[in-house]
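The block underneath contains the structure these notes are about, expressed in structure tokens.
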Amino acid sequence: MISKNKIKYIRSLEMKKYRKADCVFVAEGKKLVGDLIGSFDLTYVAATAAWLSDNALLLSSAVFQGVEVDEVSEEELRRISFQETPQQVLAIFRQRQSDADINEVAANDLCLVLDDVQNPGNMGTIVRIADWFGIRHIFCSDASADIYNPKTVQATMGGMARVEVHYANLPQLLDSLDSSIPVYGTFLDGDDIHGQQLSSHGVIIMGNEGRGVSAPVSAHVSHRLFIPNYPPGSSTSESLNVAIATAIVCNEFRRPR
């Protein structure tokens, strides 16, 4: 059984201001909740009898010490869920406080910078892509989609357990970057990515869904890249979805040469 006040509180976490006030977020589903347990501090769980039974050993572990747990019916789960088809469990986790140094990260490995990527689905998918390609840090403009939006959380498919997402004023952040660190960006007038010598470390900037990389951010780019269509010069779509473009770029950087 779950109280009316608890239902109201959970539903309020769809809004950023309430998530930010308590520094928490919602995750749903057996796999996603399972992936995030251990990477984020758990505060609350609402789950069906089936999930509680399947996870009896986990419930008795230190991870659940002090965690409030409600057994709910399928109908109650539907009332609090942000999903069309709830899957046995909804959990509330504490947001992770991140303070990575972009110079330290980019001097040793690749990192992504997202310039006003505003669609929650795109943001979550990019986190999932970064996870696949072993990129552990993403730096986002303050106007980018919130990683803790319920839609974004679901779209990460658990990738946010391993990929840290940071928010900053991007021009100021890039101003602080050591001049020896390569900064890559994707542009329609860039050089064909397939023919470039790409570094194993540095910064990869991906732009907004509509306007691409903004002028203040593009001013910091040292290597302008272009993803060519096929066959070259043929009539085609105006541009690629930013998440798809990110996957292509990350694959090119990680491809053995």
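The values are calculated or read from the model by the stated rules, or taken from the named source; none is laboratory data. As the structure is a computational prediction, the values presented were derived from the model and not from experiment. Positions of Cβ are backbone-derived with ideal geometry, glycine not excepted, and every protein chain shown enters the neighbour counts. Accessible surface is based on the protein model in full, side chains and every heavy atom, while ligands, DNA and RNA are left aside. Shrake-Rupley method; radii C 1.70, N 1.55, O 1.52, S 1.80 Å.
Only Cα pairs within less than 10 Å get springs; with that Gaussian network setup on the chain, which residue of VAL117, VAL153, VAL45 has the largest fluctuation?
VAL45
From the list [x] 139; [y] 163; [z] 149, can you say which value of volume of the Cα convex hull per residue in Å³ was derived from the structure given?
Label [z] holds the value from this structure.
Sorted from largest down, give the three principal axis spans of the alpha carbons of the range 57-208, whole angstrom values.
56, 32, 27
Could you point to the residue in GLY190, ALA143, VAL165 farthest towards the positive end of the range 124-197's charge dipole, with +1 and -1 charges on the Cβ of Lys/Arg and Asp/Glu respectively?
Ranked along the dipole, the leading option is VAL165.
Quick one: angle between helix 242-254 and the longest Cα principal axis of the chain, in degrees between 0 and 90, rounded to 10, please.
With rounding to tens, the tilt is 70 degrees.
How large is the charge dipole for the range 1-138, taken about the Cα centre, if only the Cβ atoms of Lys, Arg (+1) and Asp, Glu (-1) carry charge, to the nearest 20 debye?
440
So for the chain, averaging the separation of alpha carbon pairs under 8 Å that are six or more residues apart and normalising by length, what relative contact order in percent results?
It rounds to 19 percent for the chain.
Provide the per-residue ³J(HN,Hα) series for the range 79-90, in order, calculated from phi with Karplus coefficients 6.51, -1.76, 1.60 and θ = phi - 60°, each as a whole number of Hz, with x at glycine and proline positions.
Values, residue by residue: 5, 9, 6, 9, 9, 5, 10, x, 10, 6, 8, 10 Hz.
Which order do you get for VAL89, VAL69 if you rank them by accessible area with a 1.4 Å probe, largest at the top?
Largest to smallest exposure gives the sequence VAL69, VAL89.
Please count, across the chain, the pairs of lysine residues with Cα atoms under 22 Å apart that sit 8 or more places apart or on different chains.
Number of lysine pairs found: 17.
Of SER200, TYR44, VAL63, which is farthest towards the positive pole of the chain's charge dipole, taken about the Cα centre with +1 and -1 on the beta-carbons of Lys, Arg and Asp, Glu respectively?
It is TYR44.
Using the Cα centre of the chain as the reference point, and only Cβ charges (+1 on K/R, -1 on D/E), how large is the resulting charge dipole? Debye, rounded to the nearest 20.
The dipole magnitude comes to about 440 debye.
Compute the long axis of helix 120-132 from its Cα atoms, compare it with the longest principal axis of the Cα atoms of the chain, and write down the angle in degrees, 0 to 90, nearest 10.
For 120-132 against the chain, the angle is about 80 degrees.
Counting alpha carbon pairs within less than 8 Å and at least 6 residues apart, what relative contact order, in whole percent, applies to the range 139-251?
So the answer I get is 26 percent.
In the range 57-125, which GluC sites (Glu not before Pro) fall in coil by DSSP and have 13 or fewer other Cβ atoms within 10 Å?
Qualifying residues, ordered by number: GLU84.
Expressed in nm to one decimal, what extension gain is obtained for the pair ILE244 and ASP178 from 0.36 nm per residue of sequence separation less their Cα-Cα distance?
Gain on stretching ILE244 to ASP178: 20.9 nm.
Loop-only chymotrypsin sites (Phe, Trp or Tyr not before Pro) in the range 93-158, please: DSSP not H, G, I, E or B, and at most 14 other Cβ atoms within 10 Å.
In loop regions of the range 93-158 (DSSP not H, G, I, E or B), there are no sparsely surrounded chymotrypsin sites (Phe, Trp or Tyr not before Pro).
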